[in-house]
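A short write-up of the structure that comes next.
The values are calculated or read from the model by the stated rules, or taken from the named source; none is laboratory data. Note that the structure is predicted; figures quoted are calculated from it, not measured. Note that we place each Cβ from the backbone using ideal geometry, even for glycine, and neighbour counts take in every protein chain shown. Just the protein is used for accessible areas: all its heavy atoms, side chains included, with ligands, DNA and RNA removed. Shrake-Rupley method; radii C 1.70, N 1.55, O 1.52, S 1.80 Å.
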Amino acid sequence: MLKAMNNLPQLPLEEWKKSKISLHLIFQIIGKVRLKMTPRKNHWWYITHYISSKGFTTSAIPYDGGYHTFTIEVNVLDMEVEITTSKGATKVIPLTDGLPIKAFYTQFLESLHTLDIQPEIIQEPFDMGVTSAFNEITAYHHFDATYIKKFWEAMRWVDTVFSEFSGRFNGKTCPVQLYWHHMDLAITRFNGKEAPKMDQNARLSDKDAYSHECISFGFWAGDDEVREPAFYAYTYPSPNGIDQEPLHPKEANWIDSNGSPMAFYRYDDLLKEKDPKATLLAFLESSYHAGAKRANWDIEKFEVTPLEKL
């Protein structure tokens with residue numbers, strides 16, 4: 001029997017914060033193109049990115065009236081953005097350290113136009129605290145290949161664990177996907193019930209994301225509020241008493257997130273575990289059962305039947 005090992009990379013936010021923001025801006029630029037040109041799917045599932053064997057990728061995006069498609073991939077192995085089309089054409093933009101976002105954005109649009117792809121997107125970053133338009137951003141030009149690859153390695157591993165966890169649920173669930181809003185990898189389970197309608201003044205993005213009751217799980221590399229990589233889970237609507245439910249492992253805890261309890265587990269604590277996969281699955285399962293129990297989900301109904309019992 002193979003011995004479990006922990007080969008996950010260390011990912012201290014302060015060591016690569018500027019590169020993280022630069023990469024985040026790249027994800028937003030690419031994501032806005034996908035948002036503009038991909039047919040809608042509920043809960044914003046049509047705008048996200050996915051983990052690939054080379055880095056981060058979109059799905060096939062239609063153009064030319066739907067007769068052709070193109071794919072955009074952030075190739076971390078070669079540190080470049082690749083645009084490929086069903087016509088066999090390819091454009092490559094190197095992500096060299098020192099390349100301003102302004103210059104990348106210009107090259108990116110020129111490459112799309114050369115391929116007869118003409119997206120019209122909103123040029124401002126979304127909810128990042130960066131107020132300049134993409135074609136004006138020169139302060140971020142940091143592409144530390146070492147840490148970007150470490151980030152991808154961590155995301156690649158988390159993606160496989162989230163995928164296994166996803167397969168344990170016999171209900172509606174989204175793909176494991178990277179949302180370019182907060183640059184978090186997420187998986188969400190739904191019980192099929194509509195959630196209470198949000199106030200009319202709520203953001204459109206939230207109205208669509210939370211139209212139905214759900215329990216969401218994710219991983220992100222840290223931000224200005226949580227200055228370290230971590231895993232999270234929350235139930236929407238948040239049921240009373242959820243923060244009284246036990247979490248595993250023992251280092252996991254409940255924290256406040258915009259007035260509601262959120263399960264929280266530090267990535268640095270996971271690095272200390274001999275069997276990180278079993279530990280992360282324990283966190284995900286305990287977070288799910290806490291929310292499902294308190295929100296009165298039919299837990300037994302959503303259990304996946306083993307193949308031998310079908």
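Per-structure values
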| quantity | calculated |
| --- | --- |
| Residue count, segment 65-79 (criterion: of a type outside the set (S, T, N, Q), closer than 18 Å to W180 by Cα and open to solvent by 20 Å² or more (accessible area, probe 1.4 Å)) | 1 |
| Residue satisfying condition, being of a type in the set (V, I, T) and surrounded by fewer than 18 Cβ atoms within 10 Å (Cβ to Cβ), within set T96, T48 | T96 |
| Condition check for I137: of a type outside the set (D, E), in contact (Cβ under 8 Å) with a residue 60 or more places away in the chain and open to solvent by less than 20 Å² (accessible area, probe 1.4 Å) | yes |
| Count - residues of segment 281-300 that are surrounded by fewer than 18 Cβ atoms within 10 Å (Cβ to Cβ), touching a residue at least 60 places away in the same chain (Cβ under 8 Å) and part of a loop (DSSP other than H, G, I, E, B) | 1 |
| Filter pass, P62 being farther than 26 Å from V130 by Cβ, at pLDDT 95 or above, open to solvent by 10 Å² or more (accessible area, probe 1.4 Å) and more than 16 Å from the chain's Cα centre (by Cα) | yes |
| Residue count for segment 259-304, restricted to those that are of a type in the set (S, T, Y) and closer than 19 Å to N170 by Cα | 3 |
| Filter result (at pLDDT 95 or above, part of a loop (DSSP other than H, G, I, E, B) and either among the charged types (D, E, K, R) or closer than 12 Å to G291 by Cβ (or both)) within segment 210-239 | E228, P237, S238, P239 |
| Residue check, S22 among the small types (G, A, S) and under 19 Å from F134 (Cα atoms) | yes |
| Filter result for the condition that a residue is farther than 13 Å from F27 by Cα and among the β-branched types (V, I, T), over I93, I101, I72 | I93 |
| Members of segment 245-273 found to be part of a loop (DSSP other than H, G, I, E, B), modelled with pLDDT of 95 or more and more than 13 Å from F231 (Cα to Cα), listed by number | E245, P246, K250, K272, E273 |
| Matching option when the condition is without any contact (Cβ under 8 Å) to a residue 40 or more places away in the chain and either more than 15 Å from the chain's Cα centre (by Cα) or more than 22 Å from S211 (Cβ to Cβ) (or both), among S52, S22 | S52 |
